[in-house]
1. Just to verify a result, which residue in segment 1-34, among those that are among the hydroxyl-bearing types (Ser, Thr, Tyr) and at pLDDT 90 or above, is nearest to Lys54 (Cα to Cα)?
2. Is one or more of the residues making up segment 153-168 in contact with a Pro (Cβ under 6 Å, 6 or more places away or on another chain), of a type in the set (Lys, Arg) and open to solvent by less than 30 Å² (accessible area, probe 1.4 Å)?
3. If a residue has to be over 23 Å from the mean Cα position of the chain (by Cα) and not polar (S, T, N, Q) to count, how many in segment 19-43 make the cut?
4. Mind checking which residues of segment 108-119 are of a type in the set (Asp, Glu) and without any contact (Cβ under 8 Å) to a residue 12 or more places away in the chain?
5. Does segment 150-162 contain any residue that is under 18 Å from the mean Cα position of the chain (by Cα), within 30 Å of Met42 (Cβ to Cβ) and modelled with pLDDT of 95 or more?
6. Looking only at residues that are free of Cβ contacts under 8 Å to residues at least 24 places away in the same chain and aliphatic (A, V, I, L, M) in segment 12-39, which one is farthest from Pro56 (Cα to Cα)?
7. Tell me which residues, restricted to segment 93-123, are within 30 Å of Lys31 (Cβ to Cβ) and of a type in the set (Ser, Thr, Tyr).
Amino acid sequence: MSRIGKMPIAIPAGVTVEIAENNKVTVKGPKGTLTRVLAPEMEITMENNTVIVKRPNDLKRFKSLHGLTRTLINNMVIGVTEGYQKSLEINGTGYRAAKAGKELTLTLGYSHPVVMIDPEGVETTLDGQNKIIVKGIDKEKVGQYAAEIRDKRRPEPYKGKGIKYSEEVIRRKAGKTGKK
């Protein structure tokens, strides 16, 4: 039995979960609404303010879908109540970020500024000129957009210049040594 899959998902107050045909799950909460079509083989039921996910049998495919389905629904519930956020740091001389409306302008040592437009459902805010916070209710979109921002200039191992996640640790390498 999947340890994660068999755990019930508690529905907090102010959140409604609707399960339509073909396992179309809609979660509404104080921060917004999320909808997702999950694997039709899984059996998703509502029982006294909890959501329970069951699998039809013990085939490998259903075992792997069991925990995934439960986690996706749980992430939707957390998203509409608390939301998700990732923070990025920009390190390097002259590297900075600026925000105008939905446009995030990054100056990263290229010959041109990099302009990124916030996707639907994701918002970026700046904390100073070198800290970017990506917020949203969909965990997948927040993580994807944060990864796209980081890809514009990944941190390098010698001086640590580039865009990194706040909790990320960059393994540093020693530079060149001179002749004797």
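1. Start the filter on segment 1-34 by keeping residues that are among the hydroxyl-bearing types (Ser, Thr, Tyr), which leaves 2, 16, 26, 33.
So of that shortlist, the ones also at pLDDT 90 or above come out as 16, 26, 33.
Numbers: Thr16: 20, Thr26: 18, Thr33: 24 Å.
Restricting to residues being among the hydroxyl-bearing types (Ser, Thr, Tyr) and at pLDDT 90 or above, the top hit is Thr26.
2. Looking for residues that are in contact with a Pro (Cβ under 6 Å, 6 or more places away or on another chain), of a type in the set (Lys, Arg) and open to solvent by less than 30 Å² (accessible area, probe 1.4 Å), one finds at least one in segment 153-168, hence yes.
3. Total meeting the criteria: 7.
4. Taking segment 108-119 and keeping what is of a type in the set (Asp, Glu), we get 118.
The answer is none; no residue qualifies.
5. Scanning segment 150-162 turns up no residue that is under 18 Å from the mean Cα position of the chain (by Cα), within 30 Å of Met42 (Cβ to Cβ) and modelled with pLDDT of 95 or more.
6. Filtering first and then ranking leaves Ala13.
7. Once the filter is applied, which keeps residues that are within 30 Å of Lys31 (Cβ to Cβ) and of a type in the set (Ser, Thr, Tyr), segment 93-123 yields only Thr105.
The rows are residues; the columns are (1) in contact (Cβ under 8 Å) with a residue 24 or more places away in the chain; (2) surrounded by fewer than 18 Cβ atoms within 10 Å (Cβ to Cβ); (3) of a type outside the set (Ser, Thr, Tyr).
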| site | (1), (2), (3) |
| --- | --- |
| Tyr84 | yes, no, no |
| Asn91 | yes, yes, yes |
| Gly94 | no, yes, yes |
| Ala97 | yes, no, yes |
| Leu106 | yes, no, yes |
| Val134 | yes, no, yes |
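The values are calculated or read from the model by the stated rules, or taken from the named source; none is laboratory data. Because the structure is predicted, anything quoted here is derived from the model rather than measured. Note: ideal-geometry Cβ built from the backbone for every residue, glycine included; neighbour counts use all protein chains shown. Just the protein is used for accessible areas: all its heavy atoms, side chains included, with ligands, DNA and RNA removed. Shrake-Rupley method; radii C 1.70, N 1.55, O 1.52, S 1.80 Å.
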